[in-house]
Amino acid sequence: MNEPVPAHLYMHIPFCYRKCDFCYYKSGNLVKNEIPTEYYNALMKELEMYADKNIVLRSMYWGGGTPTTMSAEQIEKILDKIYSLYKTTEDFEFCCEVRPGPEASDEKLAILKEKKIKRVSMGLQSLNADVLRINGRNHSIDMFYKAFERVKKHNIYSTNIDLMSGLIGDNLTTFMKSLEELVALEPENITIYKLQLYYNSTLYKRMREDNLKLLSDEEEFEMVSNAYDYILSKGYMVADNFSFKMSEEYSHLHRVATWNGENMIGIGASSHSCVDNYIYQNEIDVPRYIEKIDNKQNSITRAYRFTPYEDMVRHFIFGIKSCNYHVANFEKKFGVDITRIFGDEIKWLEKEGYVAWNVSKDSLITSKTGALYADDIIRAFFPGVQQQINMGFRDRTE
């Protein structure tokens with residue numbers, strides 16, 4: 001009998017009732033009130049294509065778009081399909097992104113609860129109505145509070161709420177007021193994303209046409225720095241370089257495990273997979289994705305294989321982003337002491353004050369400054385030409 005193979009499942013639902021102006025993810029506006037039947041059927045078929053009784057799921061993440069644009073019946077049937085195809089571990093974590101809107105109904109939340117959901121992740125972005133409007137967010141403050149109440153009513157184990165720093169029209173005062181009101185609700189997890197204004201977003205076009213101004217790097221840094229201190233002062237712990245948790249029990253298994261290099265299977269248009277040092281992406285165009293699946297073809301449109309060194313770099317940079325990098329994991333995975341590969345880099349990070357060894361020197365602790373700049377720092381470790389690749393978003397200094 002073959003040994004069980006642990007893995008993680010990601011499913012992408014590229015539909016929203018109205019796409020937010022700052023969004024750069026693959027998603028489009030719904031024509032009707034739920035996702036097209038053709039796309040739902042393709043998801044069901046693709047799940048069957050990758051079914052393997054030896055695979056045991058440690059986690060599942062539904063992202064988008066807006067996964068709750070599926071109907072209650074679609075949600076129930078697709079979950080039944082997944083659980084019929086895959087075994088799950090005892091600590092299995094199912095996380096679903098939820099827009100704070102009426103489509104996250106009591107009926108759907110009850111089904112998600114019955115079908116083992118452990119974590120709901122809700123994109124709030126701001127609790128300032130003007131900031132939401134200026135940035136083209138597709139919900140109101142009242143909609144958020146009502147959705148949050150519904151989630152809590154169904155006793156879902158963990159709720160993560162996203163805030164976004166650097167939004168147009170925001171400032172330190174309004175941002176911190178949003179944060180204080182959010183913390184008062186005591187969600188188990190809080191995540192702070194930085195606004196990155198991608199060239200393909202509606203907000204970038206509006207900014208040029210309407211002469212909207214981005215906050216400077218210094219203003220945005222001050223926002224996140226103050227938020228970091230405030231959240232910790234309220235009893236939360238650092239989960240990684242941009243998220244916080246009430247306690248260790250609310251660690252986000254899916255993120256931790258995939259950052260550590262465990263296999264992830266992506267389902268749906270534009271979804272990414274990472275399996276045995278290969279990273280690949282499904283067809284981005286939804287009609288082409290459906291056509292390929294209907295023709296019993298895999299929908300992979302591009303793939304890349306990590307070299308052994310690139311795999312070490314990946315492990316190292318995610319360790320820095322985790323803010324508490326147990327270096328024994330590096331030696332266990334690669335058979336070599338981390339300082340033999342990244343000794344000079346670690347010394348540089350120490351010198352700049354981005355990391356420090358703990359007392360026993362068995363882990364690297366990312367400092368507050370290192371956490372706030374982590375996404376910029378790690379680009380210095382991208383191999384070769386990848387350092388020169390245009391990241392596709394507008395620099396705040398432009």
Completion exercise
Sequence order, the stretch 320-326: Karplus ³J(HN,Hα) from phi using 6.51 cos²θ - 1.76 cosθ + 1.60, θ = phi - 60°, Hz rounded, Gly and Pro as x, gives 5, 5, 6, 6, 8, 9, 6
Handout entry: Full-extension gain in nm, Ile300 to Glu114, via 0.36 nm per residue minus C-alpha separation
Key = 63.7 nm
Exercise for the section: Evaluate the stretch 76-220: find the radius of gyration of its Cα atoms, find its Kirkwood radius, and give the ratio Rg to Rh. Expected result: 1.04
Exercise for the section: Treating cross-link reach as a plain straight distance, find the lysines whose alpha-carbon is under 22 Å from the alpha-carbon of Lys351, omitting any fewer than eight places away in the same chain. Expected result: Lys321, Lys361, Lys368
Handout entry: Relative exposure of His12, His315, judged by other C-beta atoms within 10 Å (fewest first)
Key = His315, His12
Handout entry: For Ser271, residues with placed amide H under 5 Å, excluding near neighbours
Key = Asn282
Fill in the blank from the handout: Summed over the other residues with a beta carbon less than 11 angstrom from that of Pro67, with K and R at +1 and D and E at -1, the charge totals 0
Completion exercise
Sorted by chain and then number, the residues having a modelled amide H within less than 5 Å of the amide H of Glu188, at least 5 places away or on another chain, are Thr159
Completion exercise
Going through Lys113/Lys292; Lys19/Lys177; Lys32/Lys77 one by one, the pairs whose alpha carbons sit over 31 Å apart turn out to be Lys113/Lys292
Practice task
Identify unpaired cysteines across the chain, taking unpaired to mean no other cysteine Cβ lies under 4.7 Å from the residue's Cβ.
Solution key: Cys16, Cys95, Cys96, Cys274, Cys323
Handout entry: Backbone HN-Hα couplings from phi across the stretch 208-224 [Karplus 6.51/-1.76/1.60, Hz, Gly and Pro as x]
Key = 5, 6, 9, 6, 6, 10, 7, 5, 6, 4, 5, 5, 5, 4, 4, 4, 5
Problem - Considering only the stretch 5-258, percent of DSSP beta bridges that pair antiparallel, nearest 5 - result: 15 percent
Handout entry: Tensor-based shape of the stretch 309-382 (alpha-carbon gyration tensor, a/c under 1.5 rounded, otherwise prolate or oblate)
Key = oblate
Fill in the blank from the handout: Residues Ser251, Ser273 in order from fewest to most other beta-carbon atoms within 10 Å are Ser251, Ser273
Practice task
For Tyr198 paired with Ala328, estimate the spin-label separation in nm (one decimal), with each label point 7 Å from Cα along the Cα-to-Cβ line.
Solution key: 4.0 nm
Practice task
Select from Glu46, Glu219, Glu188 the residue whose mean-square fluctuation is largest in a Gaussian network model of the chain (Cα-Cα springs shorter than 10 Å).
Solution key: Glu219
Handout entry: For the stretch 1-75: relative contact order, % (alpha-carbon pairs under 8 angstrom, 6 or more apart)
Key = 53 percent
Fill in the blank from the handout: The answer for trypsin sites (Lys or Arg not before Pro) in the stretch 176-214 that fall in a DSSP coil and have at most 16 neighbouring Cβ atoms within 10 Å is Lys213
Handout entry: Value of relative contact order over the chain, rounded to a whole percent, pairs C-alpha under 8 Å and six or more apart
Key = 15 percent
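Read-outs: derived from the displayed coordinates by stated rules, not from any lab. Please read all numbers here as calculations on a predicted model, not as lab measurements. Every residue, glycine among them, receives a Cβ derived from its backbone with ideal geometry; neighbour counts consider all protein chains shown.
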